[in-house]
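For reference, the structure is listed below as structure tokens.
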Amino acid sequence: MEEVKLIGTWPSPFSYRVIWALKLKGIPYEYIEEDLSNKSPMLLQYNPLHKKIPVLVHGGKPICESAVILQYIEDVWPQNPLLPNDPHERAVARFWVQFADNKVPCIWRLFRTTEGDEQEEAKKESMEMLRALEEHGLRDKKFFGGDKIGIADIAFGQVAHWLEMIEDLVGVKLIEAHTFPHLHAWTKNFKQVPIIKENLPEYGEMLVYFKRARYNFLATRGLGI
Amino acid sequence: MGEENKVTLYGMWASPFVRRVKIALKIKGIPYEYVEEDLRNKSQFLLQYNPVHKKVPVLVHNGNPIAESLIILEYINETWKHGRKILPEDPFERAKVRFWADFLQQQFLDSLCSATKSREEAHEKAMKDVFKKLTVFEEGTEGFFPNGSPHFEGENLGFLDIVLCSLFGSHKVGEEALTMKIIDPERHPLVHSWVTAMNELPVVKETLPPRDKMVAFIQSLRGNSLD
């Protein structure tokens, strides 16, 4: 099998999407931690357009954008499929992956706010997004993929683990058992899946990292916390 | 048409996203029923079939709804296996077209929308960004045509061709409506020849919205957002 490398960063949920997919399929790979404040020639060569992680390099060929990478992994290594067989169900799974990329970023907008109108707006957007997940995405299933996790669960990983950190730092609670019962249960169930449980950034370390990142960001806007 | 294999497309006449689906259905020779939606007064069907976004296009196949144009193209590719494949078979080639389609759909379209909705200085700045992104696309896809200029035998359009065509197929109309040149053969020769080659194909011509109606529509969009 040709060599597989993953260029990523430890705090990034997008990096983890790829790690989870590779590990679920049992694909050996070399992980390369990137320093985004001092981007490596390798990253600039493999992702000249966006200069972002994650980048998967397979047999020397780079694939960028985590959603594209997930589909690539599924296409090349069909074992332990992340997508269902049925074309309609596949379309539904892809719909939610796209939703994750287009709508979930509102939680990161929330992350970058302090108290005020902007925060209220970001909170409202985030709640609407979570409501869509609860009522239309997950409904009464255990996972987005049904009985076991699939590509959509992987795509929503940030809601299971990183959102809790955002809630802690911003001082808001979005997912509660009485407001989003299925989603609340899902965050627990998702993190209990062995491959996921064994491959998550340590919560305390993550909190420290993102607290500093948030402080620095707000400082550049003249806002204190 | 019986219920077996019934295909319905919910759309809006001016939408480039709907046009993508029409082109794909035509290329594959899939018969379908078209339903025009009034987006200011959305039908119960649309709200039921796309409750999350409430947008067109939505393809309904045997009662199952599929939303989001790029996802619909993938669905068509996987469901109707006869004829030309819309996506390449090779996973790496597939990843490349998905990457560039995503670039056009997210980054490029954002810039084009900003340019349409702004004027004077903001508009100039937005247009510079549009051209910059077109250049990125031009350079990034150079390797797709090793034999020289884009050339399409029959109606063999693929995923990325369809996305590009839907965004720029009416570019002369857009240019007339906005009185600005978007695709300049000097600045972006590949994109220009690519779009021109596609615009010759019957399947593309047949799905083009009526010109005058389109010019008026784009002008009103711009007018509304500038007020």
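The values are calculated or read from the model by the stated rules, or taken from the named source; none is laboratory data. For clarity, every value in this text was computed on a predicted model and none was experimentally measured. Cβ sites come from the backbone with ideal geometry, for glycine too, and all protein chains shown count toward neighbours. Quick note on the areas: whole protein, heavy atoms, side chains included, nothing else; ligands and nucleic acids left out. Shrake-Rupley method; radii C 1.70, N 1.55, O 1.52, S 1.80 Å.
The condition (being within 14 Å of chain A (Cβ to nearest Cβ), open to solvent by 60 Å² or more (accessible area, probe 1.4 Å), closer than 30 Å to B:Val136 by Cα and not basic (Lys, Arg)) is satisfied by just one residue among B:Glu68, B:Glu89, B:Glu74: B:Glu89. Within the stretch A:47-73, the residues that satisfy the criterion of being crowded, with 19+ Cβ neighbours inside 10 Å, assigned to a loop (DSSP other than H, G, I, E, B) and under 15 Å from the mean Cα position of the chain (by Cα) are A:Ile53, A:Pro54, A:Glu65.
Residues are listed down the side, and each one gets a yes or a no for (1) crowded, with 19+ Cβ neighbours inside 10 Å; (2) under 26 Å from B:Glu93 (Cα atoms):
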position	(1), (2)
B:Asn147	no, yes
B:Gly158	yes, yes
B:Leu167	yes, yes
B:Glu176	no, no
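Looking only at the stretch A:184-225, count how many residues are among the hydrophobic types (A, V, I, L, M, F, W, C), assigned to a helix (DSSP H, G or I), closer than 17 Å to A:Ile166 by Cα and in contact with a Lys or Arg (Cβ under 9 Å, 6 or more places away or on another chain). Looking only at that region, the number is 2.
Each row is one residue, and each column tells you yes or no for (1) free of Cβ contacts under 8 Å to residues at least 40 places away in the same chain; (2) surrounded by 14 or more Cβ atoms within 10 Å (Cβ to Cβ).
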{"site": "A:Asp75", "(1), (2)": "yes, yes"}
{"site": "A:Gln79", "(1), (2)": "no, no"}
{"site": "A:Leu83", "(1), (2)": "no, yes"}
{"site": "A:Arg94", "(1), (2)": "no, yes"}
{"site": "A:Val97", "(1), (2)": "no, yes"}
{"site": "A:Ala100", "(1), (2)": "no, yes"}
{"site": "A:Thr113", "(1), (2)": "no, yes"}
{"site": "A:Glu120", "(1), (2)": "yes, no"}
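Counting only helices (runs of 4 or more DSSP H) wholly contained in the stretch B:82-165, the ones carrying 1 or more residues that are more than 20 Å from B:Ile182 (Cβ to Cβ) and of a type in the set (Gly, Ala, Ser) occupy B:91-103.
From A:Ala122, A:Ala93, grab the single residue that is touching a Lys or Arg at 6+ places or on another chain (Cβ under 6 Å) and of a type in the set (Gly, Ala, Ser). Show your work before the answer.
Details: A:Ala93 fails: touching a Lys or Arg at 6+ places or on another chain (Cβ under 6 Å).
Matching residue, one of A:Ala122, A:Ala93: A:Ala122.
Residues in the stretch B:95-150 that are more than 20 Å from A:Val68 (Cα to Cα), polar (S, T, N, Q) and at pLDDT below 90: B:Ser111, B:Ser114, B:Thr116, B:Ser118, B:Asn147, B:Ser149.
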